Amino acid sequence: MPIVNRVAALSDEMAAWRHDFHENPELLYEVHRTAGIVADKLREFGCDEVVTGIGRTGVVGVIRGRKNTSGRTIGLRADMDALPIEEAADVPYASKIPGKMHACGHDGHTAMLMGAAKYLAETRNFDGTAIVIFQPAEEGGAGGKAMVDDGLMTRWGIQEVYGLHNMPGLPEGHFATTPGPMLAASDSVEITIHGKGGHAGAAPHRAVDSVLIGAQVINALQSIVARNVDPLQSAVISITMFQAGTAFNIIPETVKLGGTVRTLHPEIRDLVERRIGEVADSIARAYGGSAETNYIRLYPATINHPREAGIAAEVARDVVGADRVDDKAIPVMGGEDFAFMLEARPGAFVFLGTGEGPMCHHPAYVFNDNILGHGASYWVRLVEKQMPAG
């Protein structure tokens, strides 16, 4: 079953919605304009219920099928927020807001799900309830968690939940998913090293060099992945900030290190968190100083449930053909707060290829409008296949 004909007919309309969102990007929870347009459109489409303010600025639409004997309720989620990036893409609908840009394609995700909602509200060719979820603050604000904490799953009785993200580098119109970990847990780490300040040239022996300790800590942290993590598992520790000193001839009293940590499995996450603190503390004490580690858990790993990942792959094959679906995709070490929804309910996350071009979070990134029909058709077929009208 290829792209749904009615969905294909909506392509220009979906592109117009996306371009409008792209011209007017909003960050984190401040997606008031976007959420307002989404809510108005869902009402215009004839959704049975439209609720705003879930997870602060999230929008939920309820679409009941022609029959509701199955008792099934499925959630479909798109994200709405942009990034604090100055756009470099040469497109006629470029961002009008300095320093803000839809550099991750959330404008496209929102437009796809709006197109699917319009189709589902028109046809209602399913037995059950479809919940369309438009989420704020995916980019670092944990909007997915905010919506779950606000009763998203329980209020509407959602039994399964599905997410989708565009993927540059994956051929246009191809899908990728896998059972188990799909994306990594995304955490941050802050290490404060205390030494003893002093004159760097005249009396370094009277100081405890916090800069030297910091350099040794950075090197030693790499041994965690190399020697503590199972070689068949994955982990990343990247120290990206080193703040120290005020003058060329002064050994500073303190140094601050900061960075990111990515892991795919909860037990590896626990191991890495513990070892970072142990390594930083022991290295600092060996040189006569001390270290304080603040490990901040941000997003958990996005872990697909096996049954639902199989369903997602099967639906994708219905839309684009078996040769364009990878159902054993290699996990990506990026983070995604759809993970919170997958912790709350069974479900699956898929990637939809946009073809070649700059990756997400790049100032020259351009969403490929050609895939809007693929994404909307995927949502439609997921509902109709999971909840057949009979």
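The values are calculated or read from the model by the stated rules, or taken from the named source; none is laboratory data. Keep in mind that this is a model prediction, so the values were computed, not measured. Quick reminder, even Gly has a Cβ in these numbers, built from the backbone with ideal geometry, and neighbours come from all protein chains shown. Surface accessibility is based on the protein's heavy atoms, side chains included, excluding ligands, DNA and RNA. Shrake-Rupley method; radii C 1.70, N 1.55, O 1.52, S 1.80 Å.
A few comments on the model shown:
- The residues of the chain present an accessible area of 40 Å² per residue when probed at 1.4 Å with all protein chains retained.
- Added length on full extension, which subtracts the Cα-Cα distance from 0.36 nm per residue, Glu86 to Val211: 41.6 nm
- Solvent-accessible area of the chain (1.4 angstrom probe, protein heavy atoms only): carbon and sulfur portion equals 52 percent.
- Over the stretch 1-74, the reciprocal of the mean inverse Cα-Cα separation, the Kirkwood hydrodynamic radius, stands at 14.4 Å.
- The Rg/Rh ratio of the chain, with Rg taken over Cα atoms and Rh as the Kirkwood radius over Cα pairs, comes to 1.06.
- Each semi-axis of the equivalent ellipsoid for the stretch 191-252 is √(5λ) with λ an eigenvalue of the Cα gyration tensor; in descending order they amount to 31, 11, 7 Å.
- Protection-proxy order for peptides 308-320, 29-41, 372-384, each taking the mean of Cβ atoms within 10 Å per residue, highest first: 372-384, 308-320, 29-41
- Remark on the stretch 34-191: Rg and Dmax equal 16.8, 57 Å (Cα only).
- Taking the charge dipole of the chain about its Cα centre, with +1 at Lys and Arg Cβ atoms and -1 at Asp and Glu Cβ atoms, the residue from Met387, Ala200, Cys360 reaching farthest to the positive side is Met387.
- Sequence-ordered 3J(HN,Hα) estimates for the stretch 271-288 from the Karplus curve with 6.51, -1.76 and 1.60 and θ = phi - 60° stand at 4, 5, 4, 5, 5, 4, x, 5, 5, 4, 5, 5, 5, 4, 5, 4, 9, x Hz, glycine and proline given as x.
- Placing unit charges on the Cβ atoms only, positive for Lys and Arg and negative for Asp and Glu, gives the chain a dipole magnitude near 660 debye about its Cα centre.
- Spatial separation of Cα centroids for the stretch 249-302 and the stretch 72-141, in angstrom: 36 Å
- Calculated from backbone phi, Karplus (6.51, -1.76, 1.60) coupling profile of the stretch 154-161 in Hz, x at Gly/Pro: 7, 4, 10, x, 5, 9, 9, 9
- Helix-derived mean residue ellipticity, 222 nm - over the chain, DSSP H n ≥ 4, -39500 (n - 2.57), to 500: -10500 deg cm²/dmol
- Each residue of the stretch 141-148 was assigned a 3J(HN,Hα) from its phi angle through the Karplus expression (A = 6.51, B = -1.76, C = 1.60, θ = phi - 60°), giving x, 6, x, x, 5, 4, 5, 4 Hz with x at Gly and Pro.
- Amide proton proximity set for Gly198, modelled H, under 5 Å, gap of 5+: Ile251
- For Ile303, nonlocal amide neighbours, meaning residues 5 or more places apart or on other chains whose placed amide H falls under 5 Å from its own, are Met182.
- Per residue, the convex hull volume that the Cα atoms of the stretch 188-328 enclose (Å³): 137 Å³
- For the chain, the relative contact order comes to 25 percent (Cα pairs under 8 Å, sequence separation of at least 6).
- Near Val161, the amide H atoms lying under 5 Å from its own belong to Gly75, Gly347, Ala348; only residues 5 or more places off or on other chains count, and H is placed 1.01 Å from N.
- Candidate cross-link partners of Lys118 among the lysines, defined by an alpha-carbon separation under 17 Å and a same-chain spacing of 8 or more, comprise Lys41.
- The modelled label-to-label distance between Glu314 and Ser70, using points 7 Å beyond Cα along the C-beta direction, is 1.1 nm.
- Convex hull volume per residue, computed on the Cα atoms of the stretch 264-390, equals 158 Å³.
- A simple packing score, the average count of other Cβ atoms within 10 Å per residue, orders the peptides 294-305, 347-358 as 347-358, 294-305, with the highest score first.
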